[in-house]
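The values are calculated or read from the model by the stated rules, or taken from the named source; none is laboratory data. Worth saying up front: this structure is predicted, and the values here are computed from it rather than measured. Note: ideal-geometry Cβ built from the backbone for every residue, glycine included; neighbour counts use all protein chains shown.
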Amino acid sequence: MRIAHIGLASYFTENMGYQDDCLAHQNALDGHQVLYISNAAKYVDGSIVQTGREDQVLADGVRLIRLPYEHVVNNFVTDKFRKVSGLYQILDAFAPDVILSHGLTFWSVRDVIRYKQDHPAVKLYADTHTDAYTSGTNWLSLHVLHRVFYRRLVQKALPYLEKYLCITDESRVFSMEHYGVPEALTEFYPLGGTIPTEAEYAEQRKIRRAELGVREDELLLVHAGKLEPQKKTDALLRAFAAVPELKAKLAVIGSIPEETKASLLAQMDADPRVVYLGWKSGVELLDYLCAADLYCQPGKVSAIMQNAVCCRCPILLYPHPGYVKDYDYGNLLWVKTEADMAEALRRIAAGETDLAALEQGSQRCALELLDYRALAARLYR
């Protein structure tokens, strides 16, 4: 089977551990010919950098083509308009059996629609990551960009879709309310993860815990991602500092915005149990998640949560509605406030929380819901 991924509204980054590269990688592992068409930008050490036009075959056999946006008015409009040249011709030369468009909110989705019109046997899927927490957060963005411009693009594509795949319940609701997507067309399609083998899990757990100097009687907590204010890293650090009786190390992984770097680093330096590891690749992050006894995500939604579940971690988690609805397998500790975080950590320190039972819940969630092998297979039927 020939499978084309189109990620012109996202930033394909090899080995990042995001859905884009993981799904394409699994498609290739399953023996399919895979093409990924991305915009000309990717993440480097947590920041988006421009790459220019590229056409290469990655180590796993996925062919990656990067297309730069055509300039429209100014850089801001260009980044929102998302127009590229040559998309139809690339699809025509590749002749896919299945197309998965990662989002429909780019001008050149019109080329995808035209290709589907000309080749009706092709199965066309689209997914969406857009929700009210991350998009349309000001009046102009919501009422002009999303409810007018992007809505028109989505509406043009809807008649040609097999399914509209929503990574969370929040993204489903956003698309129904602002793009007019009919509920009957939607399907839950979560961000997944790669489940390590027993040998891989044990080896990386041993290596990374030794690297961090975690003793037998200590726990390892991990907090990771782009450490912007919405991640609530500062509140987590204060809550951790407020529970000195907890025998644990807290490993913080990720990039810190310049405007908050000094204050966050000062908080970390003030507690000898905290270690800041900086930015790590997706592969490296999985190693640290295998070593962890608890993954802490008290703020905004992040795909790292699903990766942590696949690495058996119990999760300290903010109760976003989609998380409450879809991911609770008895593996989650819900926290809304800094006081909630401190109380959860106190209960762990006092032995009142059964982390082993929570770990088993994450294993069940990973196998039943998040395995990228099963998610990739959804595209084959």
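Whenever a residue of region 84-100 is under 10 Å from TYR115 (Cβ atoms), its partners that are of a type in the set (Asp, Glu), lying with C-beta atoms within less than 6 angstrom and at least six residues away or across chains, give the pairs LEU87/ASP111; TYR88/ASP111.
Taking the residues in region 30-45 that are aliphatic (A, V, I, L, M) and part of a strand (DSSP E or B) as candidates, determine which candidate is surrounded by the fewest Cβ atoms within 10 Å (Cβ to Cβ).
Of all residues in region 30-45, those aliphatic (A, V, I, L, M) come to 34-35, 37, 40-41, 44.
This time we only want the ones that are part of a strand (DSSP E or B), so: 34-35, 37, 41, 44.
Values: VAL34: 27, LEU35: 21, ILE37: 26, ALA41: 19, VAL44: 11.
This residue is VAL44.
Quick check on region 95-114. Is at least one of its residues touching a strand residue (DSSP E or B) at 6+ places or on another chain (Cβ under 6 Å), surrounded by 22 or more Cβ atoms within 10 Å (Cβ to Cβ), closer than 27 Å to GLU284 by Cα and not aromatic (Phe, Trp, Tyr)? Checked against the condition, which is being touching a strand residue (DSSP E or B) at 6+ places or on another chain (Cβ under 6 Å), surrounded by 22 or more Cβ atoms within 10 Å (Cβ to Cβ), closer than 27 Å to GLU284 by Cα and not aromatic (Phe, Trp, Tyr), region 95-114 yields at least one hit. Residue count for region 210-248 under the criterion of being under 25 Å from the mean Cα position of the chain (by Cα) and not small (Gly, Ala, Ser): the result is 15.
Working carefully through the options GLN19, GLN56, find the one that is in contact with a Leu (Cβ under 9 Å, 6 or more places away or on another chain), surrounded by 15 or more Cβ atoms within 10 Å (Cβ to Cβ) and not aliphatic (A, V, I, L, M). Before the answer, list the steps.
Details: GLN56 fails: surrounded by 15 or more Cβ atoms within 10 Å (Cβ to Cβ).
Selected residue: GLN19, the only one of GLN19, GLN56 that is in contact with a Leu (Cβ under 9 Å, 6 or more places away or on another chain), surrounded by 15 or more Cβ atoms within 10 Å (Cβ to Cβ) and not aliphatic (A, V, I, L, M).
Kindly list, by first and then second residue, each pair from a residue in region 270-296 that is crowded, with 18+ Cβ neighbours inside 10 Å to a residue that is among the hydrophobic types (A, V, I, L, M, F, W, C) and assigned to a loop (DSSP other than H, G, I, E, B), limited to pairs with Cβ atoms under 7 Å and residues at least 6 apart or on different chains. If the second residue must be among the hydrophobic types (A, V, I, L, M, F, W, C) and assigned to a loop (DSSP other than H, G, I, E, B), the pairs left are GLY282/MET16; LEU286/CYS311; LEU289/CYS311; LEU289/CYS313; CYS290/CYS311; ALA292/CYS313; LEU294/CYS313; TYR295/CYS313.
The requirement of being under 24 Å from GLN50 (Cα atoms) and in the same structural domain as GLU177 (by TED's automatic domain parsing) is not satisfied by VAL122. Counting residues in region 322-334 that are in contact with a Cys (Cβ under 7 Å, 6 or more places away or on another chain), over 16 Å from LEU221 (Cα atoms) and either in a strand (DSSP E or B) or in contact (Cβ under 8 Å) with a residue 12 or more places away in the chain (or both) gives one or more. Only residues that are in a helix (DSSP H, G or I) and in contact (Cβ under 8 Å) with a residue 60 or more places away in the chain were counted across region 151-170, and they come to 2.
Can you tell me how many residues in region 225-263 are assigned to a helix (DSSP H, G or I), hydrophobic (A, V, I, L, M, F, W, C) and crowded, with 19+ Cβ neighbours inside 10 Å? Walk me through how you get there before you give the answer.
Start the filter on region 225-263 by keeping residues that are assigned to a helix (DSSP H, G or I), which leaves 229-231, 233-241, 258-263.
Subsequent filtering for residues that are hydrophobic (A, V, I, L, M, F, W, C) retains 235-237, 239-241, 262.
With crowded, with 19+ Cβ neighbours inside 10 Å added as a condition, the list becomes 235-237, 239-240.
So the answer is 5.
A single entry from PRO314, PRO257 fulfils the requirement of being assigned by TED's automatic domain parsing to the domain that holds ASP234, over 15 Å from the mean Cα position of the chain (by Cα), modelled with pLDDT under 95 and within 30 Å of HIS25 (Cβ to Cβ): PRO257.
With respect to the conditions (1) in a loop (DSSP other than H, G, I, E, B); (2) assigned by TED's automatic domain parsing to the domain that holds TRP279; (3) buried (at least 18 other Cβ atoms within 10 Å of the Cβ), ARG205 falls short on a single one, namely (1).
On the basis of being over 18 Å from the mean Cα position of the chain (by Cα) and outside any strand (DSSP E or B), does PRO272 make the cut? So PRO272 passes the test. Candidates in region 125-140 are the residues that are assigned to a loop (DSSP other than H, G, I, E, B) and not small (Gly, Ala, Ser); of these, the one that is nearest to LEU191 (Cα to Cα) is HIS129.
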